[in-house]
Amino acid sequence: MRYYKWSQQGEGRKIGKLGNYCLYEKTITEGKCEETQKPFTPQTYGSFRFIYGPSAGGLLESIKFVITTNGEKILGIEAEVYKNRTIKISGLPIDDAILKVERINAPFSASHTIAFLLSIEDALELELDYQTLLKRIAEIELERIRNHLFVIARLAETASLNVPTFHLLHLVEEVNRLIGKSCGHRYFFGVNSLNEVRCDFGNLLKIIDITKEFKQIFDGLVESRIFIDRLQENGKIKDENSVGPSARAAGFDYDARKDFKVLPYDDLGFKTITTHESDSFGRFLVRGLEILESSKMLVALYDMIKNNNTNYEKTKESYKKVGEGLVRVESPSGDLAYYVNLDNGIVKSVSLLTPSQVNLSLFLKSVTNTIFTDFQFNWESYGIWVSELGVKLE
Amino acid sequence: MKNWWFIRGLRKGIMTEKYPKELPEWSTEIQGQGNANCPTNAIKDEKWIKEKCIFCRRCYPNYKPNLNPRIYTVKKTQPLFKKSFYLYPIDSGSCGGCNMELKLLSSPEYDMTRFGIFFTNTPRHADALIIMGVLTEKMKEVLRKAYDAMPEPKVIILLGACAISGGIIGEGIPLEAAIEIAGCPPNPFTILEALTRVKEK
């Protein structure tokens, strides 16, 4: 492992549980990994349980919430994932494993595949091609823009603001088309392999028009009391075990793009966005400002990306090695890590840490003592994907 | 002025498209001949089986997409749904891709409401159960309950390779569907056109 070291003690901030291990900013430890404490649910006179999900109109995916309430206030909450998928990756050659990794969570497919490939490349001790790394950044930043646009569209929809909702969905579609045109697939399937990205980013500057249009909608939403009244002070939480936009909204300067140097983000003059709101509004603000920041990065990348070839054949020769690799990337919702063990080009074992598992704990903690009408805004502000939450890799 | 959403909407104008201006090639029909290294056996005797294809590009360059997005099969129609057609989406074990593409039917480009197609929040008001993802253990009961709660006449629509054949992840949905919409995930235009076909005579 070139980027991580095994240790008895954690070093740097704690990221979360990675299989049977605990992942920190700079080290990985064996044994206990304390996660955000589940909130206590008091049983008061007249309180009752209300079930929301697993399949319901307001939920995009299948998850069941058991809410304890006294009528309006949420006294306690539990969540149960319903679509649990077991995906077998161990025992597969690298190329076959990639097909399954792509399908863990399509909206974050680039982040998943790139983190997985980087961990394989770490295990194989491959020399990484700079152009490939730049193209991987372009993929992740396009994915971030699409995800943040979608989360903000969901928030606007929850507030019944139909014009911005549909306008934002139009922008999501525009980003999907830009990805589709560049890579042949709207969710980056079949695009990534070892030391190679099969995309042509010649149309990347279209992102300027998309973000210009977004900026107008964003300014309108920030000034809309109807909208911000639903988000401010809703789901307030400041927890140092948080990741991604949830952490940055609470003032924590956590960002794998900055503190994990596997991808050359430093060459792009990138800035981490933070706010001190700690609530759904803060998470919305961070996402909105990150769209603009990612757009600037993509414009810088346009001049840097060249369509030169990588030493792909040479790479194939070095497939057959034994080793372990661990890499973390900043997915749209926060730190995403893969730890793999390789044996002669076959994936021997794989462990995964997703931002959704960290964010779900935070959401459950932050929703206690809010009211029902606040629930959906708080839930959407975390941008949790149940598909990566319910996946078990074998 | 900034919050006059209505005026802003008018200013933007109509964005709805009869046919998409841009299609990603790897969500369209596949054609070719020769050997194919297909992980899901979607190419057999040089014939492409759309329901199994996960568009992984392993068959390239012998097989290539031809930009025909009409990769769905209509097995049954229900003219009673001509004026309004209410869909209840259910995620039995998807990767989230089909969910996103289905949601984008609401975007101005596709605007499914112009065809009288709507989402409903309850299976009690649904005409069609639209199922995405592989069959997972806990969702079996949820699927059955949702189907039982729907009034007659009702149809099942399987969305994406996972629901139809299990794709590369697991097991498909063992229910007889009126429409099977291939793709991994299917393009919103493919989904929309397939849905409009259910309402025809």
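Residues to consider are B:Gly172, B:Gly167; find the one that is out of contact with any Leu (no Cβ under 6 Å at 6 or more places or on another chain), more than 9 Å from chain A (Cβ to nearest Cβ), touching a residue at least 24 places away in the same chain (Cβ under 8 Å) and in a loop (DSSP other than H, G, I, E, B). Break it down into steps so the answer makes sense when it comes.
Working: B:Gly167 fails: more than 9 Å from chain A (Cβ to nearest Cβ).
When all the criteria are applied, what remains is B:Gly172.
Just give me the residues in segment B:61-75 being in a strand (DSSP E or B) and either among the acidic types (Asp, Glu) or in contact with a helix residue (DSSP H, G or I) (Cβ under 9 Å, 6 or more places away or on another chain) (or both), in sequence order. Give the steps one after another, and end with the answer.
To start, the set of residues in segment B:61-75 that are in a strand (DSSP E or B) comprises B:63-65, B:72-74.
If the condition is that a residue be in a strand (DSSP E or B) and either among the acidic types (Asp, Glu) or in contact with a helix residue (DSSP H, G or I) (Cβ under 9 Å, 6 or more places away or on another chain) (or both), then B:Lys64, B:Pro65, B:Tyr72, B:Thr73, B:Val74 are the ones that fit.
Give just the number: which of (1) part of a helix (DSSP H, G or I); (2) among the hydrophobic types (A, V, I, L, M, F, W, C); (3) open to solvent by less than 10 Å² (accessible area, probe 1.4 Å) does B:Ile54 not satisfy?
Among (1) part of a helix (DSSP H, G or I); (2) among the hydrophobic types (A, V, I, L, M, F, W, C); (3) open to solvent by less than 10 Å² (accessible area, probe 1.4 Å), B:Ile54 violates only (1).
Quick one: in segment B:175-198, which of the residues that are in a loop (DSSP other than H, G, I, E, B) and either within 30 Å of A:Ala97 (Cβ to Cβ) or not assigned by the TED database to the domain that holds B:Leu80 (or both) is nearest to the chain's Cα centre (by Cα)? First the steps, then the outcome.
First pass over segment B:175-198, keeping only residues in a loop (DSSP other than H, G, I, E, B): B:175-178, B:182-187.
Adding the requirement that they be either within 30 Å of A:Ala97 (Cβ to Cβ) or not assigned by the TED database to the domain that holds B:Leu80 (or both) leaves B:182-187.
Values: B:Ala182: 7, B:Gly183: 8, B:Cys184: 9, B:Pro185: 8, B:Pro186: 5, B:Asn187: 7 Å.
That would be B:Pro186.
Taking only segment A:44-57 into account, find how many residues are in a loop (DSSP other than H, G, I, E, B), within 20 Å of A:Ser387 (Cα to Cα) and more than 7 Å from every other protein chain (Cβ to nearest Cβ). Break it down into steps so the answer makes sense when it comes.
First, the residues of segment A:44-57 that are in a loop (DSSP other than H, G, I, E, B): A:44-47, A:53-57.
Narrowing the set further to residues that are within 20 Å of A:Ser387 (Cα to Cα) leaves A:53-57.
Filter again for more than 7 Å from every other protein chain (Cβ to nearest Cβ), leaving A:53.
Going through segment A:44-57 one residue at a time, the tally reaches 1.
Out of A:Phe227, A:Phe214, A:Phe218, which single residue is in contact with a Ser or Thr (Cβ under 9 Å, 6 or more places away or on another chain), among the aromatic types (Phe, Trp, Tyr) and surrounded by 20 or more Cβ atoms within 10 Å (Cβ to Cβ)?
Working: A:Phe227 fails: in contact with a Ser or Thr (Cβ under 9 Å, 6 or more places away or on another chain); A:Phe218 fails: in contact with a Ser or Thr (Cβ under 9 Å, 6 or more places away or on another chain).
Result: A:Phe214 is the single residue among A:Phe227, A:Phe214, A:Phe218 that is in contact with a Ser or Thr (Cβ under 9 Å, 6 or more places away or on another chain), among the aromatic types (Phe, Trp, Tyr) and surrounded by 20 or more Cβ atoms within 10 Å (Cβ to Cβ).
Specify the residue that is farthest from the other protein chains (Cβ to nearest Cβ); the eligible residues are those in segment A:65-96 that are surrounded by fewer than 16 Cβ atoms within 10 Å (Cβ to Cβ) and without any contact (Cβ under 8 Å) to a residue 60 or more places away in the chain.
Checked segment A:65-96; the qualifying residue farthest from the other protein chains (Cβ to nearest Cβ) is A:Asn70.
I'd like the full set of residues that are under 14 Å from A:Ser333 (Cα atoms) and either without any contact (Cβ under 8 Å) to a residue 24 or more places away in the chain or over 11 Å from the mean Cα position of the chain (by Cα) (or both), limited to segment A:374-388. Write out each step before concluding.
Taking segment A:374-388 and keeping what is under 14 Å from A:Ser333 (Cα atoms), we get A:379-388.
Scanning segment A:374-388 gives A:Trp379, A:Glu380, A:Ser381, A:Val386, A:Ser387.
Can you pull out every residue in segment A:174-193 that is surrounded by fewer than 24 Cβ atoms within 10 Å (Cβ to Cβ), within 7 Å of chain B (Cβ to nearest Cβ) and without any contact (Cβ under 8 Å) to a residue 60 or more places away in the chain?
Those that are surrounded by fewer than 24 Cβ atoms within 10 Å (Cβ to Cβ), within 7 Å of chain B (Cβ to nearest Cβ) and without any contact (Cβ under 8 Å) to a residue 60 or more places away in the chain: A:Arg177, A:Gly180, A:Lys181, A:Gly184.
(1) within 14 Å of another protein chain (Cβ to nearest Cβ); (2) out of contact with any Lys or Arg (no Cβ under 7 Å at 6 or more places or on another chain): which one isn't true of A:Asp253, the others all being true?
Unmet for A:Asp253, out of (1) within 14 Å of another protein chain (Cβ to nearest Cβ); (2) out of contact with any Lys or Arg (no Cβ under 7 Å at 6 or more places or on another chain): (1).
Looking only at segment B:90-119, which residues are touching a residue at least 24 places away in the same chain (Cβ under 8 Å), in a loop (DSSP other than H, G, I, E, B) and facing another protein chain (nearest Cβ under 10 Å)?
Initial filter on segment B:90-119 (touching a residue at least 24 places away in the same chain (Cβ under 8 Å)): B:90-95, B:97-102, B:104-105, B:107-112, B:114-119.
Keeping just the survivors that are in a loop (DSSP other than H, G, I, E, B) gives B:94-95, B:107-111, B:116.
Hits for segment B:90-119 are B:Ser94, B:Cys95, B:Ser107, B:Pro108, B:Glu109, B:Tyr110, B:Asp111.
Which of the numbered conditions does A:Ser318 fail, given that it passes all the others? Conditions: (1) in contact with an Asp or Glu (Cβ under 9 Å, 6 or more places away or on another chain); (2) modelled with pLDDT of 90 or more.
(2)
Scan segment B:120-149 for residues that are over 18 Å from A:Gly58 (Cβ atoms), more than 9 Å from chain A (Cβ to nearest Cβ) and in contact with a strand residue (DSSP E or B) (Cβ under 7 Å, 6 or more places away or on another chain) and report the count.
Residues in segment B:120-149 being over 18 Å from A:Gly58 (Cβ atoms), more than 9 Å from chain A (Cβ to nearest Cβ) and in contact with a strand residue (DSSP E or B) (Cβ under 7 Å, 6 or more places away or on another chain): 5 in total.
Cβ-Cβ distance below 8 Å, separation of 6 or more or different chains: which pairs start in segment B:132-156 with a residue that is surrounded by fewer than 20 Cβ atoms within 10 Å (Cβ to Cβ) and end on one that is of a type in the set (Lys, Arg)?
From residues that are surrounded by fewer than 20 Cβ atoms within 10 Å (Cβ to Cβ), the pairs are B:Lys138/A:Lys83; B:Tyr147/B:Lys154; B:Ala149/B:Arg124; B:Pro151/B:Arg124.
Tell me, please, whether a residue that is within 14 Å of chain A (Cβ to nearest Cβ), in contact with a helix residue (DSSP H, G or I) (Cβ under 9 Å, 6 or more places away or on another chain) and without any contact (Cβ under 8 Å) to a residue 24 or more places away in the chain can be found in segment B:18-30.
Yes: segment B:18-30 contains one or more residues that are within 14 Å of chain A (Cβ to nearest Cβ), in contact with a helix residue (DSSP H, G or I) (Cβ under 9 Å, 6 or more places away or on another chain) and without any contact (Cβ under 8 Å) to a residue 24 or more places away in the chain.
Of all residues in segment B:150-164 being in contact with a Lys or Arg (Cβ under 8 Å, 6 or more places away or on another chain) and part of a loop (DSSP other than H, G, I, E, B), which is farthest from the other protein chains (Cβ to nearest Cβ)?
B:Pro151
One residue is enough: does segment B:83-98 have a residue meeting the conditions of a type in the set (Lys, Arg) and not assigned by the TED database to the domain that holds B:Pro153? Steps first, please.
In the first step, residues of segment B:83-98 are kept if they are of a type in the set (Lys, Arg); the result is B:83.
Going one step further and asking which of them are not assigned by the TED database to the domain that holds B:Pro153, we end up with none.
Checking segment B:83-98: not a single residue is of a type in the set (Lys, Arg) and not assigned by the TED database to the domain that holds B:Pro153.
Restricting to segment A:148-165, give me the number of residues that are in contact (Cβ under 8 Å) with a residue 12 or more places away in the chain and more than 10 Å from chain B (Cβ to nearest Cβ). Before the answer, list the steps.
Residues of segment A:148-165 in contact (Cβ under 8 Å) with a residue 12 or more places away in the chain: A:148-156, A:158-159, A:161, A:164-165.
Still in the list and also more than 10 Å from chain B (Cβ to nearest Cβ): A:148-149, A:151-152, A:155, A:158-159.
Total satisfying the criteria: 7.
Determine which member of the set A:Ser111, A:Ser62, A:Ser55 is crowded, with 21+ Cβ neighbours inside 10 Å and at pLDDT below 90. Don't jump to the end; show me each part of the working.
Numbers: A:Ser111 fails: at pLDDT below 90; A:Ser62 fails: at pLDDT below 90.
Being crowded, with 21+ Cβ neighbours inside 10 Å and at pLDDT below 90 holds for just one of A:Ser111, A:Ser62, A:Ser55, which is A:Ser55.
Quick check on A:Ile207: is it within 22 Å of the chain's Cα centre (by Cα), more than 30 Å from A:Ile371 (Cα to Cα) and away from chain B (no Cβ under 14 Å)? Steps first, answer last, please.
Details: within 22 Å of the chain's Cα centre (by Cα): yes; more than 30 Å from A:Ile371 (Cα to Cα): yes; away from chain B (no Cβ under 14 Å): yes.
Criteria met by A:Ile207.
The values are calculated or read from the model by the stated rules, or taken from the named source; none is laboratory data. Predicted model, so just to flag it, every value in this text is computed and none were measured. Please note: Cβ atoms are built from the backbone with ideal geometry, for glycine as well, and neighbour counts cover all protein chains shown. Areas reflect the complete protein model, heavy atoms only, side chains present, ligands, DNA and RNA absent. Shrake-Rupley method; radii C 1.70, N 1.55, O 1.52, S 1.80 Å.
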